[in-house]
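Peer 1: I have a structure I would like to understand better, so I am pasting it below and will then ask my questions one at a time.
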Amino acid sequence: MSTYTEDQRKVTTHRLVEMKARGEKIAMLTAYDYSMARLIDEAGMDVILVGDSASNVMAGNITTLPITLDQMIYHAKSVIKGVKRALVVVDMPFGSYQGNSKEALASAIRIMKESHAEAVKMEGGSEIRESIERILSAGIPVMGHLGLTPQSINKFGTYSVRAREEAEAAKLIEDARMLEEIGCFAVVLEKIPADLARKVSEQLTIPVIGIGAGGGTDGQVLVMHDMLGINKGFSPRFLRRYADLATVINDAVAHYIDDVKTRDFPNEKEQY
Ligand code: KIV
């Protein structure tokens with residue numbers, strides 16, 4: 001158990017705002033299934049994100065675009081069953097909220113009703129303001145997501161650092177302020193210059209969670225498969241690997257194959 005989790009109370013959106021106010025950093029990580037969510041929660045994670053990165057790391061797609069609302073709900077339901085303390089946030093998948101605000105609300109309601117998650121995350125700023133407002137007005141907490149927004153990869157054309165130019169940085173600041181003003185409880189900033197992320201974090205009272213956005217944000221988020229070294233093909237500068245599970249799993253599986261082939265497994269004690 002982490003040394004930072006003496007406080008066993010359930011994490012809520014309000015508690016995250018309090019953590020920011022007292023300068024306590026927020027730890028967030030993705031999960032997509034029951035068993036991993038249980039381990040991550042037991043370790044003391046503050047926020048578990050059922051990310052649409054499930055499209056990449058669970059389904060093997062190149063982008064996050066193909067994952068459906070039904071598939072996100074399936075992952076979210078599994079995660080929720082393994083979590084006691086962390087706040088569980090679910091990504092609204094591409095195509096479930098961009099069309100119009102009524103459709104967006106219907107998608108968010110399905111996520112909340114069917115998975116029992118506690119909040120949703122949505123990519124974008126002023127373009128999706130109406131959808132965010134409608135979802136908020138139904139009492140559903142929303143986490144914003146600005147900077148590199150992978151659902152728009154076909155518009156950007158690359159996964160490189162966003163908001164290096166003044167105009168894009170100014171729009172990002174404006175969007176972040178707007179998200180706070182309309183009632184989002186937090187915002188993710190992905191792959192933007194550290195100075196810009198620090199500036200936004202200082203200007204907002206809601207928590208800013210960074211990924212590839214430097215150390216000046218109120219918290220950090222990583223994709224579980226990347227930080228555990230399951231997915232070794234992805235090595236951006238911002239990623240710190242905390243384990244090499246690909247090697248651990250490969251070695252264990254190779255050992256098992258060997259034991260089966262050499263008739264070492266099962267032995268007499270491993271049978272009835
Ligand atoms: O889907 C995801 O995993 C995310 C994080 C990268 C923030 O949105």
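The values are calculated or read from the model by the stated rules, or taken from the named source; none is laboratory data. Only a predicted model underlies this, so the values are computations on that prediction, with no experimental measurement involved. FYI the Cβ positions are ideal-geometry reconstructions off the backbone, even for glycines, and counts take in every protein chain you see. SASA here: full protein model, heavy atoms, side chains in, ligands and nucleic acids out. Shrake-Rupley method; radii C 1.70, N 1.55, O 1.52, S 1.80 Å.
Peer 1: Picking from Gly144, Gly212, Gly157, which is most flexible by a Gaussian network model of the chain using Cα springs under 10 Å?
Peer 2: Maximum among the listed residues: Gly157.
Peer 1: Mind ordering 98-108, 158-168, 56-66 by average Cβ neighbours within 10 Å, highest first?
Peer 2: 98-108, 56-66, 158-168
Peer 1: Further question: Taking the chain as the reference, fit the longest principal axis to its C-alpha atoms, fit the long axis of helix 245-261 to the helix C-alpha atoms, and give the angle between the two in degrees, 0 to 90, nearest 10.
Peer 2: 20
Peer 1: If the chain between His255 and Phe234 were fully stretched, how many nm would it gain, using 0.36 nm times the residue separation less the Cα-Cα distance? List each step's numbers first, then the result.
Peer 2: On the way: separation 21, 0.36 × 21 = 7.56 nm, distance 2.62 nm.
Gain in length upon complete extension: 4.9 nm.
Peer 1: How big is the dipole moment of the chain about its Cα centre under a simple scheme where the beta carbon of each Lys and Arg is +1, that of each Asp and Glu is -1, and everything else is neutral? Debye, nearest 20, please. Walk me through the numbers on the way to the answer.
Peer 2: Numbers: 32 positive and 37 negative charges, 36 e Å.
Value, rounded to 20: 180 debye.
Peer 1: Roughly to the nearest percent, how much of the accessible area of the stretch 13-241 is carbon and sulfur, given a 1.4 Å probe?
Peer 2: Values: 5260 of 10020 Å².
Of the solvent-accessible surface of the stretch 13-241, carbon and sulfur hold 52 percent.
Peer 1: Let me ask something additional. Place a point 7 Å from the Cα of Thr158 along the Cα-to-Cβ direction; which residues of the stretch 237-268 have their backbone N under 15 Å from it?
Peer 2: Under cut-off, by backbone N: 237.
Peer 1: Let me check I've understood the local charge: for Thr30, count other residues with C-beta under 10 angstrom from its C-beta, Lys and Arg +1, Asp and Glu -1. What total comes out? Write out the running numbers ahead of the final one.
Peer 2: On the way: positive: none; negative: Asp52, Asp91, Asp226.
Result for the neighbourhood of Thr30: -3.
Peer 1: Can you give me the relative contact order of the stretch 144-272 as a percent, contacts being Cα pairs under 8 Å and 6 or more apart?
Peer 2: 16
Peer 1: Let me ask something else about it. Do you know the relative contact order of the chain, to the nearest whole percent, from alpha carbon pairs under 8 angstrom that are 6+ apart? All intermediate terms of the calculation are to be shown ahead of the outcome.
Peer 2: Working: 492 pairs, mean separation 41.6, N = 272.
Dividing the mean separation by the residue count of the chain yields 15 percent.
Peer 1: To continue, here is another question. Between Val17 and Ala170, what FRET efficiency follows from the Cβ-Cβ distance if R0 is 22 Å, with the result rounded to 0.05?
Peer 2: So, using R0 = 22 Å, E works out to roughly 0.30.
Peer 1: Now for a different question. Calculate, for the chain, the solvent-accessible area per residue in square angstrom, rolling a 1.4 angstrom probe over the heavy atoms of the protein chains. List each step's numbers first, then the result.
Peer 2: Numbers: 14090 Å² over 272 residues.
Here the per-residue accessible area is 52 Å².
Peer 1: Based on Cβ point charges of +1 for Lys and Arg and -1 for Asp and Glu, what charge dipole magnitude is obtained for the stretch 119-272 about its Cα centre, in debye rounded to the nearest 20?
Peer 2: Numbers: 18 positive and 23 negative charges, 43 e Å.
Dipole size: approximately 200 debye.
Peer 1: Taking only Cα atoms, what is the 0 to 90° angle, nearest 10, from helix 194-203's long axis to the longest principal axis of the chain?
Peer 2: The angle comes out near 60 degrees.
Peer 1: How large is the dipole of the stretch 1-129 about the Cα centre if only Lys and Arg carry +1 and Asp and Glu carry -1, each at its Cβ, rounded to the nearest 20 debye?
Peer 2: Working: 16 positive and 16 negative charges, 68 e Å.
It comes to approximately 320 debye.
Peer 1: I need the calculated FRET efficiency for the pair Lys81 and Lys113, taking r as the beta carbon distance and R₀ as 22 Å, to the nearest 0.05.
Peer 2: On the way: r = 16 Å, r/R0 = 0.71.
Step by step, r from the Cβ atoms, then E = 0.90.
Peer 1: Roughly how far apart, in whole Å, are the Cα centres of the stretch 43-63 and the stretch 214-269?
Peer 2: Centre-to-centre (Cα) distance: 15 Å.
Peer 1: Continuing with this model, one more query. Compute the helix-to-body angle for 69-82: its Cα long axis versus the longest principal axis of the chain, expressed 0 to 90° and rounded to tens.
Peer 2: 70
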